[in-house]
Amino acid sequence: MDVLVNNAAYDKFPETIFTTDAESIDRHFAVNTRAGVLMMVLLGGMGTLWGPLVGAVIFIYIQDYISTMTEHWEIYLGIVVILLVLFMPTGFVGLGAYFKRLRKG
């Protein structure tokens, strides 16, 4: 009986290690993906269809452009998002509406 128990334990051990490693990679990837989507929505502006689309374009541009200059592009993107939330809570799409109101008087 001990042989069967040990055999079953040794049989499942590599599978357990692989599953734990794969789950940690998936969780890390899922967190980065969710954070990226949230940044896109905040950059573009919430409440409109065009906000996340504009935010996605800006996010990808910042990621591609700044990552060629430094590997710490996330810091600069974070600074942009913090300033945006503080001074332009409606995002870049809301900035267009703001300029329309200024032009009308």
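Things to note:
- Kirkwood hydrodynamic radius of the range 42-103, Cα pairs, Å: 12.1 Å
- Cβ-based net charge around residue 62, under 15 Å, with every Lys or Arg adding one and every Asp or Glu removing one: -3
Every number in this text was worked out from the coordinates using simple rules, so none of it is lab data. As the structure is a prediction and not an experimental result, all values here were calculated from the model. Please note: Cβ atoms are built from the backbone with ideal geometry, for glycine as well, and neighbour counts cover all protein chains shown.
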